[in-house]
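K.L.:
Please read through the structure below; I'll follow up with questions.
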Amino acid sequence: MMDKPFAITLDPGSSLANRTGSWRTFRPVYVDRLPPCNAACPAGENIQGWLFHAESGEYEAAWRTLVEHNPLPAIMGRVCYHPCEGACNRQHLDAAVGINAVERFLGDEAIRRGWRFSSDAPPSGKRVLVIGSGPAGLSCAYHLRRLGHAVTIDEAAAQAGGMMRYGIPKYRLPRDILDAEIARLIDFGIELRLNRKVSDVLAAKAEGFDAVFLGVGAHIAKRAYIPAGDANKVLDAVSVLHGMEEAGPPLLGRRVVVYGGGNTALDVARTARRLGAEEAIIVYRRTREKMPAHDFEVEEALQEGITFKWLSTIKEAGEEDILIEKMALDEKGFPQPTGEFERIPADSVVLALGQEADLSLLQNVPGLSIEQGLVKVDATMMTGHAGIFAGGDMVGNERTVTVAVGHGKKAARAIDAWLKGESYVPAAKHELATFERLNTWYYSDAPKTVRPVLDIIRRQSTFDEVLGGLDEGNALFEARRCLSCGNCFECDNCYGVCPDNAVIKLGPGQRFRFNYDYCKGCGICAAECPCGAIKMVPEEI
Amino acid sequence: MSYQPIKFYQTGTFTVGNRLLPPEQRSVQAQQKRYNSLNSGHRACQGCGEALGARYAIDAAMEATNGRLICANATGCLEVFSTPYPETSWQVPWIHSLFGNTAAVATGIAAALKVKMQKGERRHIRVVAQGGDGGTTDIGFGCLSGMFERNDDVLFICYDNGGYMNTGIQRSSATPPAARTATTPAVGETPGNVFGQGKFVPAIALAHDIPYVATATVADLRDLEAKVRRAMELSGARYLHILVPCPLGWGFASHETIKMARLAKETGLFPVFEAEHGEITAVLPIRHPLPVEEYLKPQKRFAHLFAPRLRTDVLTRLQALADRNIQRYGLLEKP
Ligand SMILES: Cc1cc2nc3c(=O)[nH]c(=O)nc-3n(C[C@H](O)[C@H](O)[C@H](O)COP(=O)(O)OP(=O)(O)OC[C@H]3O[C@@H](n4cnc5c(N)ncnc54)[C@H](O)[C@@H]3O)c2cc1C
Ligand SMILES: Cc1ncc(C[n+]2csc(CCOP(=O)(O)OP(=O)(O)O)c2C)c(N)n1
Ligand code: SF4
Ligand code: SF4
Ligand SMILES: [Mg+2]
């Protein structure tokens, strides 16, 4: 005390003794919010999660995160209608992140580099039969295998893939890609038995299986009654497209009329053009706006020279032409006949009016119920018969590869729980990371990379793939357009902007922690977090 | 712009850090073990822009000088909230001076250090003087101008929060026109601070033709750090004027501090530029141009411009000031 300088009585101290955290009325907490892309993905992919790895060029880590949910990225990257992009927050800034294109890049990269699946789950000793090797069956088999179960797929057709092979044309899904992703699943230890049509599900199950997943799809073409002369060919889309894979291209003639307004109608018309038809006309009873087909597909078809007759129904098919009747929309938006007719020349008519499931294998299954041609399942994808689950086209009217993959995954998890005598409860979902949660100031301006489209002439005459892919450079660029909605991507903003140094940086990959001894609760961190990963919650005082 | 913005995507150099950048391109504030020259436990208000700006600037100066730095500090919030006897938040050799003589104190320290270095007793140690806008543009202005004209080897940093905040928000010569303060109440025909008074000290510093003059805000960290780094590369008199919003004095919510600084810059009311030897060398361009209302409306000190009646006449005059800055400094030009 006495040896202190003049007028000094206290030792110097650090302000660390002053715990300013006691001023706080609100406390910041780190949260993970559900990115809208993830929320919109029917396969439940963790898109933001795999983009996070792709952003740093760690493509294998990205692919591995992706395949935790979906084993078919190269296929998805081509045929998925990417509802994720429709939900992407970036669309409010410039354009949605090209999620689907990056997914395709990762899928292709995995094929090129020979990445394989792995699982460290111990064998469960249980056997599951999967009926059908479409996306629903493949996804279910994959997830069951990941969980340690032995899986056998029985497939009626000569090759695996379901509608991905016998429906979706090559120019959208090259078969070497399909083959590679199926081969990887077989390589993972899934048994595939081709040319085995199951005709009685209970008998099949009795051959030593503990549970069954049904993924038989919907392959019976719906017909419409059209009076037709002998010489005119009336075919259906399912057999035309199926024929492309096996029997060989069907003879459609020079002028092909396709009847229907869905994606299948477009695929058949575009296939017909590639087979040499000079004219491919789509006849649809409603308007373009009402068409179930996606707008971009209609656009691509128009570019390929396909023509459309909107608001028209086919009345009869003659030898060299068909008779169509004009329709008009009534005040409720339904098409009504007008009594006005027109003849258009046609060598063949292909019906693309939708498909129904062949459910003959399900006769006499106690408890299992079928409504309007669809098998009823509960929230865990189980049918009314315990131990028999179902998914994909046979259970719903939202019929896409992605929905089928999602069903397969969900069913696999439920089967796993069921086999353990538990009931499957999906993990609680995080709060949605809406656009309002973001501080978009921090994101660089960056337009979307457009995938190259093969030039029109080449496309019309060949079955080459229409859309090109990203290369490593623009895949990285595209991944980095992701805003990482609702999930910390370690931009250090909270760490930097705190006037009280109350944020502790834990190091790469470890994120951050608040030091509540000094945090005054000003909320700058939450306001300046670009991706909305900090929430202010009231203190209990 | 004083630094090369990183033109790759996601957040580039807009955020404090970026895990995708190589370490040498990251900011000082992003370092896991950073200086924290102004440590936790200080008594600044919640969300104080001055506390933030001071740590940004002094940490950058510490980095640039490898920790060989002495700070002289004018009185004002920065001093009072950081160093109530006997404790301090400073983790840098730091000396308190009076309200008006900081520049002169720093000059003295620099002179002493020069002698000690010539005698071989010390390695090269640099000096920073810092204070609020009151301590800089008003009472400290004589000493500051003297330090400039003698070209003393000092970096003077002014933390501009537009008023005498520490003593209860009185007007300074850096208070913007129309702003309400304790001494410019929002009454009468021309409420708030008077138009046509006050001064913009960066422009006056520029007129001294000193080696370096720059402005910055707490909303553009990378720009601020680059300016401190550049200042420390040069010797002689240097001046850095940082806009540091004050939630208490301006009347906005404590989480809006950085947003206010950003809006001041984006509306053009606060021009961000740098100059060497009297010539402007770079400006930080406006990214998304905005009308001045966007900046004024969230602040209670301008509330009388919006209620009980909308003072379009006053807003027009403030917009004219912003437009003049945009013109004068070329704030809308693409870099
Ligand atoms: C022309 C066309 C284009 C399409 N394009 C797209 C697209 O671009 N994007 C998209 O997301 N979706 C598209 N779809 C829809 C998509 O293909 C289906 O929704 C999806 O394939 C359904 O999967 P699934 O597993 O339920 O059935 P499927 O893919 O139909 O597979 C069912 C499998 O079960 C087998 N099977 C049936 N019965 C038995 C039995 N009794 N025993 C053993 N095996 C049996 C079948 O042979 C088949 O392999 C398209 C559909 C068509 C027809
Ligand atoms: C010569 C003298 N006059 C008045 C004061 C009282 N005083 C202390 S701080 C201050 C205001 C400081 O304003 P500014 O420099 O802008 O800093 P701020 O608090 O706003 O950061 C005043 C007037 C003083 N300390 N010394
Ligand atoms: S920005 Fe990224 S995380 Fe956000 S919705 Fe789009 S892809 Fe998902
Ligand atoms: S009054 Fe303003 S400058 Fe002073 S400590 Fe509070 S916020 Fe900071
Ligand atoms: Mg001040």
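K.L.:
Given the condition outside any loop (DSSP other than H, G, I, E, B) and surrounded by fewer than 18 Cβ atoms within 10 Å (Cβ to Cβ), answer yes or no: does some residue in the range B:36-59 qualify?
P.N.:
In the first step, residues of the range B:36-59 are kept if they are outside any loop (DSSP other than H, G, I, E, B); the result is B:38, B:49-59.
Narrowing further to those that are surrounded by fewer than 18 Cβ atoms within 10 Å (Cβ to Cβ): none.
No, the range B:36-59 contains no residue that is outside any loop (DSSP other than H, G, I, E, B) and surrounded by fewer than 18 Cβ atoms within 10 Å (Cβ to Cβ).
K.L.:
Applying the selection to the range B:118-156, what residues are over 27 Å from B:Arg171 (Cα atoms) and crowded, with 17+ Cβ neighbours inside 10 Å?
P.N.:
B:Ile125, B:Arg126, B:Val127, B:Asp152, B:Asp153, B:Val154
K.L.:
So is B:Gln25 more than 16 Å from ligand 3 (Cβ to nearest atom) and either under 22 Å from A:Glu55 (Cα atoms) or more than 8 Å from chain A (Cβ to nearest Cβ) (or both) or not?
P.N.:
Against the criterion (more than 16 Å from ligand 3 (Cβ to nearest atom) and either under 22 Å from A:Glu55 (Cα atoms) or more than 8 Å from chain A (Cβ to nearest Cβ) (or both)), B:Gln25 qualifies.
K.L.:
Applying the selection to the range B:274-318, what residues are farther than 20 Å from B:Cys246 by Cβ and touching a Gly at 6+ places or on another chain (Cβ under 9 Å)?
P.N.:
B:Ile280, B:Val283, B:Pro285, B:Ile286, B:Pro289, B:Leu290, B:Val314
K.L.:
Another one. Only one residue in B:Phe195, B:Phe252 is of a type outside the set (Val, Ile, Thr), within 14 Å of chain A (Cβ to nearest Cβ) and not in a strand (DSSP E or B), so which one is that? Don't jump to the end; show me each part of the working.
P.N.:
Values: B:Phe195 fails: within 14 Å of chain A (Cβ to nearest Cβ).
Going through B:Phe195, B:Phe252 in turn, just one is of a type outside the set (Val, Ile, Thr), within 14 Å of chain A (Cβ to nearest Cβ) and not in a strand (DSSP E or B): B:Phe252.
K.L.:
Just to check your reading of the model, which residue among B:Asp133, B:Asp152, B:Asp138, B:Asp160 is acidic (Asp, Glu) and more than 11 Å from ligand 2 (Cβ to nearest atom)? Before the answer, list the steps.
P.N.:
Numbers: B:Asp133 fails: more than 11 Å from ligand 2 (Cβ to nearest atom); B:Asp138 fails: more than 11 Å from ligand 2 (Cβ to nearest atom); B:Asp160 fails: more than 11 Å from ligand 2 (Cβ to nearest atom).
Residue meeting the stated conditions: B:Asp152.
K.L.:
Kindly evaluate A:Leu173 against the criterion of being at pLDDT 95 or above and either within 20 Å of A:Thr400 (Cβ to Cβ) or within 14 Å of ligand 1 (Cβ to nearest atom) (or both). Quick ask: steps written out before the conclusion?
P.N.:
Numbers: at pLDDT 95 or above: yes; either within 20 Å of A:Thr400 (Cβ to Cβ) or within 14 Å of ligand 1 (Cβ to nearest atom) (or both): yes.
Against the criterion (at pLDDT 95 or above and either within 20 Å of A:Thr400 (Cβ to Cβ) or within 14 Å of ligand 1 (Cβ to nearest atom) (or both)), A:Leu173 qualifies.
K.L.:
Follow-up. Would you confirm, using the coordinates I've provided, whether B:Gln130 is in contact with a strand residue (DSSP E or B) (Cβ under 8 Å, 6 or more places away or on another chain), within 16 Å of ligand 4 (Cβ to nearest atom) and closer than 23 Å to B:Ala64 by Cβ? Step through it out loud before you land on a result.
P.N.:
On the way: in contact with a strand residue (DSSP E or B) (Cβ under 8 Å, 6 or more places away or on another chain): yes; within 16 Å of ligand 4 (Cβ to nearest atom): yes; closer than 23 Å to B:Ala64 by Cβ: yes.
Yes, satisfied.
K.L.:
Follow-up. Take the range A:492-528 and flag every residue that is assigned to a loop (DSSP other than H, G, I, E, B) and either under 29 Å from the mean Cα position of the chain (by Cα) or among the charged types (D, E, K, R) (or both).
P.N.:
Going residue by residue through the range A:492-528, those that are assigned to a loop (DSSP other than H, G, I, E, B) are A:492, A:498-502, A:506-511, A:515-523.
Those that are assigned to a loop (DSSP other than H, G, I, E, B) and either under 29 Å from the mean Cα position of the chain (by Cα) or among the charged types (D, E, K, R) (or both): A:Asp492, A:Asp500, A:Gly509, A:Arg511, A:Asp517, A:Lys520.
Yes or no, residue by residue, for (1) out of contact with any Asp or Glu (no Cβ under 7 Å at 6 or more places or on another chain); (2) in a helix (DSSP H, G or I); (3) at pLDDT 95 or above; (4) of a type in the set (S, T, N, Q):
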position	(1), (2), (3), (4)
B:Gly131	yes, no, yes, no
B:Gly134	yes, yes, yes, no
B:Ser145	yes, yes, yes, yes
B:Phe148	yes, yes, yes, no
B:Asn151	yes, no, yes, yes
B:Ile157	yes, no, yes, no
B:Asn166	yes, no, yes, yes
B:Ser172	no, no, yes, yes
B:Pro177	yes, no, yes, no
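K.L.:
Considering every residue within the range A:87-99, establish whether at least one is more than 14 Å from A:Ala479 (Cα to Cα) and within 12 Å of chain B (Cβ to nearest Cβ).
P.N.:
yes
K.L.:
Quick one: B:Asn73 ticks every box in (1) closer than 30 Å to A:Ile8 by Cα; (2) surrounded by fewer than 23 Cβ atoms within 10 Å (Cβ to Cβ); (3) more than 10 Å from every other protein chain (Cβ to nearest Cβ) bar one, so which box is it?
P.N.:
Only one criterion in (1) closer than 30 Å to A:Ile8 by Cα; (2) surrounded by fewer than 23 Cβ atoms within 10 Å (Cβ to Cβ); (3) more than 10 Å from every other protein chain (Cβ to nearest Cβ) is unmet by B:Asn73, namely (2).
K.L.:
Condition first: of a type in the set (Lys, Arg) and either crowded, with 22+ Cβ neighbours inside 10 Å or in contact with a Ser or Thr (Cβ under 7 Å, 6 or more places away or on another chain) (or both). Now tell me which residues in the range B:207-255 satisfy that. Show your work before the answer.
P.N.:
Quick first cut of the range B:207-255, residues of a type in the set (Lys, Arg) only: B:222, B:227, B:229-230, B:238.
Result: B:Arg222, B:Lys227, B:Arg230, B:Arg238.
K.L.:
Next up: Filtering the range A:7-30 down to residues that are facing chain B (nearest Cβ under 9 Å) and among the charged types (D, E, K, R), which residue is surrounded by the fewest Cβ atoms within 10 Å (Cβ to Cβ)?
P.N.:
My answer is A:Asp11.
K.L.:
Another one. State yes or no: is A:Ala61 within 19 Å of A:Leu476 (Cβ to Cβ) and out of contact with any Lys or Arg (no Cβ under 8 Å at 6 or more places or on another chain)? Don't jump to the end; show me each part of the working.
P.N.:
Values: within 19 Å of A:Leu476 (Cβ to Cβ): yes; out of contact with any Lys or Arg (no Cβ under 8 Å at 6 or more places or on another chain): yes.
Yes.
K.L.:
Here's another thing I want to ask about it. Can you report the number of residues in the range B:256-280 which are surrounded by fewer than 17 Cβ atoms within 10 Å (Cβ to Cβ) and free of Cβ contacts under 8 Å to residues at least 60 places away in the same chain?
P.N.:
Selection size over the range B:256-280: 1.
K.L.:
Would you check which residues across the range B:93-108 are surrounded by 20 or more Cβ atoms within 10 Å (Cβ to Cβ) and of a type in the set (A, V, I, L, M, F, W, C) and list them?
P.N.:
Restricting attention to the range B:93-108, the residues satisfying the condition of being surrounded by 20 or more Cβ atoms within 10 Å (Cβ to Cβ) are B:94, B:97, B:100-107.
B:Trp94, B:Ala103, B:Ala104, B:Val105, B:Ala106 - these are the residues of the range B:93-108 that are surrounded by 20 or more Cβ atoms within 10 Å (Cβ to Cβ) and of a type in the set (A, V, I, L, M, F, W, C).
K.L.:
Out of everything in the range A:426-441 that is away from ligand 3 (no atom under 13 Å from the Cβ) and surrounded by 11 or more Cβ atoms within 10 Å (Cβ to Cβ), what residue ends up being nearest to the other protein chains (Cβ to nearest Cβ)?
P.N.:
Here the answer is A:Trp441.
K.L.:
Name the residue, out of B:Ile286, B:Ile326, that is assigned to a helix (DSSP H, G or I) and of a type in the set (Val, Ile, Thr). Walk me through how you get there before you give the answer.
P.N.:
Numbers: B:Ile286 fails: assigned to a helix (DSSP H, G or I).
Sole residue among the options that is assigned to a helix (DSSP H, G or I) and of a type in the set (Val, Ile, Thr): B:Ile326.
The values are calculated or read from the model by the stated rules, or taken from the named source; none is laboratory data. All values reported here derive from a predicted model rather than from experimental measurement. Virtual Cβ from ideal backbone geometry, glycine too; neighbours counted across all protein chains shown.
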